[in-house]
Amino acid sequence: MFQKSNHNTRQSVAPSRSSDSPASSGGNPAPAHGLSRIGGKTTLQGDISGDEDLLIEGRILGDVLFREHGVTVGAEGVVEGRMVARELTVKGRVDGTLIAAEKITLKAGAVVNGQLHSPGLVLEEGAAFHGNIDMEPEQEELRNAFETGAARVDSTVPASARLGAEPSPVAEADTSPADDRSAPVSGS
């Protein structure tokens with residue numbers, strides 16, 4: 001009834017659009033643990049958390065907590081709230097606090113209003129940022145975001161950001177009385 005054709009029947013498959021994937025930055029292969037996606041026509045109100053990378057193309061009104069994974073806000077994505085992730089990449093708009101254990105990247109076209117807390121920061125030409133930046137690896141904000149107690153040790157958090165980590169020589173120098181910049185200067 002059906003005859004096999006001698007022609008090559010392989011169909012070409014269109015490549016997936018990986019340019020917005022959290023794992024696609026730097027040419028890294030796709031993560032083995034998966035990728036969640038908030039579509040462009042979706043609005044979520046409330047906090048969201050998960051155990052895989054996240055791509056936000058829609059709108060989230062609430063906190064995004066993906067402490068052990070990467071989160072990307074796509075070019076059309078909007079987040080109004082606190083974001084905590086191993087690595088954060090923003091191409092769209094964020095109003096709130098961004099906290100990353102490793103790095104925050106603001107791509108060209110990104111608009112971010114708020115606070116950035118991470119030991120690493122990439123700010124591409126064409127990105128707009130209004131707010132405060134704290135890149136101190138031993139800051140309290142990082143410790144609070146990635147630790148739930150002194151007994152928990154998360155291997156994805158840099159050792160310098162863990163509770164009980166030894167202060168760096170720079171931090172020790174900043175707390176010495178001879179280096180107290182808040183002391184009044186007397187005029188003689």
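Working with all protein chains in place, sort D47, D53, D63 by solvent-accessible area computed with a 1.4 Å probe, largest first. All intermediate terms of the calculation are to be shown ahead of the outcome.
Numbers: D47 115, D53 5, D63 45 Å².
The ranking, largest first, comes out as D47, D63, D53.
Backbone amide hydrogens, once placed in the peptide plane, bring I48 within less than 5 Å of D63, V64, L65, excluding anything fewer than 5 places away on its chain. Across region 129-137, coupling constants 3J(HN,Hα) worked out from phi with the 6.51/-1.76/1.60 Karplus curve, θ = phi - 60°, read 9, 10, x, 10, 10, 10, 10, 5, x Hz, and Gly and Pro carry x. Note on K107: accessible area is roughly 50 Å² with a 1.4 Å probe, heavy atoms of protein only. Close amide H pairs (under 5 Å, H built 1.01 Å from N) link S36 with D53, L54, L55, residues at least 5 positions away or on another chain.
What ranking of S49, S36, S118 comes out by heavy-atom accessible area, probe 1.4 Å, highest first? Mind dumping the intermediate values first?
Numbers: S49 85, S36 35, S118 5 Å².
Largest accessible area first, the residues go S49, S36, S118.
Residue-wise HN-Hα couplings along region 67-81, as the Karplus relation 6.51 cos²θ - 1.76 cosθ + 1.60 with θ = phi - 60° gives them from phi, are 4, 9, 9, x, 10, 10, 9, x, 4, 9, x, 9, 10, 10, x Hz; Gly and Pro carry x.
Could you rank E76, E68 by how accessible they are, 1.4 Å probe, largest area first? Walk me through the numbers on the way to the answer.
Working: E76 150, E68 80 Å².
The residues order as E76, E68, largest area first.
Less than 5 angstrom separates the built amide H of V112 from those of V94, A128, F129, H130, all sequence-distant by 5 or more or on a different chain.
Relative protection proxy for 120-127, 55-62, from highest mean packing down: 55-62, 120-127 (other beta-carbon atoms within 10 angstrom). When the charge dipole of region 38-110 is built from unit charges on Cβ atoms (+1 for Lys and Arg, -1 for Asp and Glu) and taken about the Cα centre, the candidate among L65, T105, Q45 whose Cα reaches farthest toward its positive end is T105.
The values are calculated or read from the model by the stated rules, or taken from the named source; none is laboratory data. Note that the coordinates shown come from a computational prediction; the quantities given were computed from them, not determined experimentally. Backbone-built Cβ (ideal geometry, glycine too); neighbour counts: all protein chains shown. Ligands, DNA and RNA are stripped out before the accessible areas are found, and what is left, the full protein with its side chains, is counted by its heavy atoms. Shrake-Rupley method; radii C 1.70, N 1.55, O 1.52, S 1.80 Å.
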